[in-house]
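Just so it is clear, none of the values below were taken in a lab; they were calculated from the coordinates. Fair warning: this is a prediction, and the values are worked out from it, not measured in the lab. Every residue, glycine as well, gets a Cβ built from its backbone with ideal geometry; the counts of neighbours run over all protein chains shown.
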Amino acid sequence: MKLLPENRWVLFKLGTMVLILILLGRYIVNHLNDFAAIRNIGLRDTLILVVLQMILIFTGAAQFHVVVKMFGCLIAYPRWLLIYVHARLLNLLVPQSGNAYRATALKINHQFSITAYGVALITFSYLNSLTALILTWLTVLLVDINLRIRGELLVEWLGLAVIGAIIVSALMVRCQAMMAERWGAENGKLVTLARVLKDLSFSLRGLKCVSQVFLIGLIGHILGLFMNWFCFVKLNVDVPISHLALLRFAKNVTDSISITPGNFGVRESMYAIINSETNGLVSAGIIVAAWSSIVSIVASIVLGLLSFLFNSKKTAV
């Protein structure tokens, strides 16, 4: 029996998750003493992080709201926040179901087509990733320009990545018409992104959208750095800001790309790899990543339940 491409991808993600969890479990068992610092984590510290994570969710919702509004969806931020929070809660139950919920809710209640939502989602994902990359590069450039990984200057590699992303974006804008003609059917998302980038580049509304997404992203970046710093301090580990920026970027990557179901084990692996290359504290990276994941889940559940409670009271009235 021949597997469909979708089924192959699901099996690949499941296999990857099992492999990652086995490797992480083996490392933890072989280095149990290194994980004694987990005893320093208290309930009060976790509650503080949950509140900060809620604020971080608000900033993420604000970024997406800016993009959705630019594409013509006139929805107030409080209402959009409810939809955004509900979607995060659904993603915990069924991965990737949140986008379907958001698209359906906007179509039914705000006459925003599913196609338009798809375009907004592609635009938001691109701008959010580019913002995270630029902010990481700027942080390393301003704070620790001499930071090296495997003997290579990190600021140079990040700078090349930023320049490369900008050049690719410029080429996509320049060749948008040709891309639509040649690849429209096979690469719809790529062609759509090229068209959107062209609109963003040549309109005041588009430039305003980009600047707002970047500024809100800056707030989220600073808050994310503080949260990572807070976690390591509670483990009695001193980590430079440049390292925290790398971990923050790793979190953005794992939030944007689904490698395993629910990305279980992925963030922990990335934190472990980054820590092994920067300060050698693999165990601290795994603990912070797992702690952050738990905090994110708790914050999503709390906000989701509060929003459902708010909606039920509003409906009763």
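A few points about this structure:
- Shape analysis of region 18-175 places it in the oblate category; the axes a ≥ b ≥ c from the Cα gyration tensor give an a/c of at least 1.5, with a/b not above b/c.
- Under Karplus coefficients 6.51, -1.76 and 1.60, residue-wise ³J(HN,Hα) of region 116-122 in Hz, glycine/proline x: 4, 5, x, 5, 4, 5, 4
- Pairs of Cα atoms nearer than 8 Å and 6+ residues apart set the relative contact order; for region 1-106 it is 13 percent.
- Each residue of region 270-275 was assigned a 3J(HN,Hα) from its phi angle through the Karplus expression (A = 6.51, B = -1.76, C = 1.60, θ = phi - 60°), giving 5, 4, 5, 5, 4, 5 Hz with x at Gly and Pro.
- Listed peptides 281-291, 152-162, 238-248 by packing density, highest first (mean Cβ within 10 Å): 281-291, 238-248, 152-162
- Charge dipole of region 15-150 (Cα centre as origin; +1 on each Lys and Arg Cβ, -1 on each Asp and Glu Cβ, all else neutral): 160 debye, rounded to the nearest 20.
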